[in-house]
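A.B. asks: Can you read through this structure? Questions will come right after.
The values are calculated or read from the model by the stated rules, or taken from the named source; none is laboratory data. Only a predicted model underlies this, so the values are computations on that prediction, with no experimental measurement involved. Here the Cβ is made from the backbone with ideal geometry for all residues, glycine too, and neighbour counts use every protein chain on show.
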Amino acid sequence: MENKNVSSAAENAVLEQDAEVTAVDLKPVEKKYIWKFVLASLIGAFLFLVPIPSGTTFTIPIGIVINWVSGLLTLETISLEEVAVLAFITFSTIVTIINMIFKPDFIQKREPLKKLFTPAPLYFVSRIIGLVVVYMVYFGFGPEMIRSGATGGSMLGVSATLVSVVLCIAFLMPLLTDFGIMEFVGVLIRKVVRPLFTVPGRSAIDLMTSWLGTSNAAAILTTRQYETGFYSAREAATISMNFSFVSIPFCYVIAKLIGVDEKFTIFYIINLICGIILAMIIPRIPPLRNIPDTYDEIAGKQINEEVPEGVGKMKWALNLAGHRAESATGKGVLKSGLHVYSSMFFDLIPIVMAWGTIVLILVEYTPIFDIIATPFGWYMDLLGIEGANEIAPTALVGFADMYIPPLMLADFPIERTRFIMGAASLLQIIYMTEVGLIVIKSRVPVNVGHLFAVFIERTILAIPLVTVLTNLLVTF
């Protein structure tokens with residue numbers, strides 16, 4: 001009975017908040033805030049959504065910014081990104097232990113610091129393991145299986161990449177999320193996106209950011225939208241597990257690694273078609289279908305894409321966008337960026353170093369993935385994929401990290417098989433060291449079980465889809 005009362009009270013609070021938001025949004029918006037929306041959104045759209053040529057493929061301006069920052073942090077003899085990883089894990093672990101033992105006032109009396117340095121048991125253990133692993137890898141001591149380039153070394157590389165990625169994303173992403181473009185686009189295309197993918201119209205920005213940029217960026221954007229009240233739990237889970245596709249440049253890197261770069265255009269088109277089909281199917285089956293459409297308890301529901309009667313769609317879209325831009329401030333953007341950056345690096349990086357390394361040790365030094373992938377070998381053989389039993393583990397190891405399947409496929413002699421399984425691995429999306437840990441770290445109510453179930457569903461559906469399209473469209 002008590003739970004029902006609490007739930008009812010929460011629903012009433014959300015309804016009252018919706019009424020307040022709608023009342024505010026119905027007020028005319030000043031032209032200066034429309035211009036604020038337009039200018040900030042144009043800059044954000046240019047940075048995150050405009051494809052520009054880069055060698056033989058395309059990238060987006062934020063990718064160039066990230067590469068530039070990464071270049072600044074890479075010296076001749078030392079990578080400052082790796083030093084930063086070492087420093088972040090060392091600092092977070094030491095301060096966490098100090099806080100647990102001595103409970104200093106400067107942490108206890110500041111809620112953001114208290115939250116950062118009073119982690120749940122899993123995060124505390126991750127910090128300890130991550131600290132041990134990063135020192136072994138960086139300074140080159142301890143068992144080879146921990147510090148080798150295929151295990152701990154690989155995870156240090158992933159973590160180092162995140163230093164530049166999150167630094168740029170955390171402070172530039174508000175141009176997409178805080179100044180009205182998502183409200184504007186959401187109103188205009190809601191009737192297309194909602195029936196296709198069961199998510200709000202504003203999620204189109206997520207999709208474009210991911211498919212043209214990076215899956216990390218899209219996952220961070222999505223979880224942040226949930227934590228600020230613009231996606232429900234089901235919507236946030238659906239978007240992060242279906243729209244966080246790897247970028248065009250990374251797709252090209254994978255195509256080149258597995259030796260099918262001469263067929264890159266059709267390789268990417270097949271991924272695009274299959275990605276859209278999967279994004280239509282997966283949200284309509286468990287476990288995503290069963291996640292409740294409730295909003296974050298702290299933020300409450302903030303979204304309102306419904307157009308009131310008697311108001312034009314464009315006028316309403318501009319009204320919502322202008323009011324959103326009105327509430328955005330430089331101080332708020334800086335505070336939001338610092339929150340994203342600190343939470344990512346004090347929790348995410350230790351998890352990547354700790355559990356990412358453990359999973360890669362299982363992949364490289366034990367037969368466990370060969371054993372559990374046996375049913376996939378039978379399945380792929382049934383679909384006519386040559387060498388199915390030999391490359392069956394590539395269907396599962398991507399759950400740990402996106403780089404592993406293409407590395408395992410690189411030397412496989414059958415090009416058609418490399419093409420199919422390379423494309424299928426990119427459609428799995430839920431790589432724990434990339435998207436998975438970002439989602440788990442957030443307040444979106446999903447767990448590793450949800451992630452693994454969706455990963456398996458996407459894999460089972462992606463392989464035959466890619467196989468059929470490859471047979472129809474590609475000549476080897």
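A.B. asks: List pairs: first residue in segment 393-410 and free of Cβ contacts under 8 Å to residues at least 12 places away in the same chain, second residue surrounded by fewer than 23 Cβ atoms within 10 Å (Cβ to Cβ) anywhere in the structure, Cβ distance under 9 angstrom, at least six positions apart or on different chains.
C.D. replies: The qualifying pairs do not exist here.
A.B. asks: Quick check on my filter: what residues within segment 62-86 are of a type outside the set (Ser, Thr, Tyr) and exposed (fewer than 13 other Cβ atoms within 10 Å of the Cβ)?
C.D. replies: Within segment 62-86, Trp68, Gly71, Leu72, Leu75, Glu76, Ile78 qualify.
A.B. asks: Condition test on Ala255, is it closer than 27 Å to Ile64 by Cβ and hydrophobic (A, V, I, L, M, F, W, C)?
C.D. replies: Against the criterion (closer than 27 Å to Ile64 by Cβ and hydrophobic (A, V, I, L, M, F, W, C)), Ala255 qualifies.
A.B. asks: Those residues that are in contact with a strand residue (DSSP E or B) (Cβ under 9 Å, 6 or more places away or on another chain) and among the small types (Gly, Ala, Ser), I need them from segment 27-69; list them, please.
C.D. replies: If the condition is that a residue be in contact with a strand residue (DSSP E or B) (Cβ under 9 Å, 6 or more places away or on another chain) and among the small types (Gly, Ala, Ser), then Gly63 is the only one that fits.
A.B. asks: Condition test on Val133, is it buried (at least 21 other Cβ atoms within 10 Å of the Cβ), part of a helix (DSSP H, G or I), touching a Ser or Thr at 6+ places or on another chain (Cβ under 7 Å) and among the β-branched types (Val, Ile, Thr)?
C.D. replies: Criteria met by Val133.
A.B. asks: Can you pull out every residue in segment 328-367 that is surrounded by 13 or more Cβ atoms within 10 Å (Cβ to Cβ) and more than 26 Å from the chain's Cα centre (by Cα)?
C.D. replies: Answer for segment 328-367, where residues must be surrounded by 13 or more Cβ atoms within 10 Å (Cβ to Cβ) and more than 26 Å from the chain's Cα centre (by Cα): just Tyr365.
A.B. asks: Restrict the check to segment 439-447 and report whether at least one residue is assigned to a helix (DSSP H, G or I) and surrounded by 22 or more Cβ atoms within 10 Å (Cβ to Cβ).
C.D. replies: Looking through segment 439-447, at least one residue is assigned to a helix (DSSP H, G or I) and surrounded by 22 or more Cβ atoms within 10 Å (Cβ to Cβ).
A.B. asks: If you take the residues in segment 138-168 that are of a type in the set (A, V, I, L, M, F, W, C) and part of a loop (DSSP other than H, G, I, E, B), which one is farthest from Trp68 (Cα to Cα)?
C.D. replies: Phe141
A.B. asks: Hey, another quick one. Can you tell me which of Phe88, Phe106 is assigned to a helix (DSSP H, G or I), within 19 Å of Thr161 (Cα to Cα) and not small (Gly, Ala, Ser)?
C.D. replies: Phe88
A.B. asks: Sticking with this one: Looking at segment 267-282 only, could you name the residues that are within 13 Å of Thr467 (Cα to Cα), buried (at least 16 other Cβ atoms within 10 Å of the Cβ) and among the β-branched types (Val, Ile, Thr)?
C.D. replies: Matches in segment 267-282: Ile270 only.
A.B. asks: Just the residues that are more than 24 Å from the chain's Cα centre (by Cα), hydrophobic (A, V, I, L, M, F, W, C) and surrounded by fewer than 23 Cβ atoms within 10 Å (Cβ to Cβ), please, taken from segment 405-431.
C.D. replies: Within segment 405-431, Ala410, Phe412, Ile414 meet the criteria.
A.B. asks: Whether any residue in segment 190-200 is part of a helix (DSSP H, G or I), at pLDDT 90 or above and buried (at least 22 other Cβ atoms within 10 Å of the Cβ) is what I want to check.
C.D. replies: Yes - at least one qualifying residue is present in segment 190-200.
A.B. asks: Report, by residue number, each residue of segment 87-111 that is within 29 Å of Val137 (Cα to Cα) and either surrounded by 15 or more Cβ atoms within 10 Å (Cβ to Cβ) or among the charged types (D, E, K, R) (or both).
C.D. replies: Once the filter is applied, which keeps residues that are within 29 Å of Val137 (Cα to Cα) and either surrounded by 15 or more Cβ atoms within 10 Å (Cβ to Cβ) or among the charged types (D, E, K, R) (or both), segment 87-111 yields Phe88, Ile89, Thr90, Ser92, Thr93, Val95, Thr96, Asn99.
A.B. asks: Hand me the list of helices (runs of 4 or more DSSP H) wholly inside segment 327-398 holding 1 or more residues that are under 30 Å from Phe117 (Cβ atoms).
C.D. replies: 330-343, 357-365
A.B. asks: Additional query: Check Ile385 against each of (1) buried (at least 23 other Cβ atoms within 10 Å of the Cβ); (2) without any contact (Cβ under 8 Å) to a residue 40 or more places away in the chain; (3) more than 21 Å from Leu451 (Cβ to Cβ) and name the one condition it does not meet.
C.D. replies: (2)
To keep it simple, each residue is scored yes or no on (1) over 21 Å from Cys251 (Cβ atoms); (2) assigned to a helix (DSSP H, G or I); (3) modelled with pLDDT of 95 or more; (4) not small (Gly, Ala, Ser).
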| residue | (1), (2), (3), (4) |
| --- | --- |
| Pro413 | yes, no, no, yes |
| Thr417 | no, yes, yes, yes |
| Phe452 | yes, yes, yes, yes |
| Glu457 | yes, yes, yes, yes |
| Ile460 | yes, yes, yes, yes |
| Phe476 | no, no, no, yes |
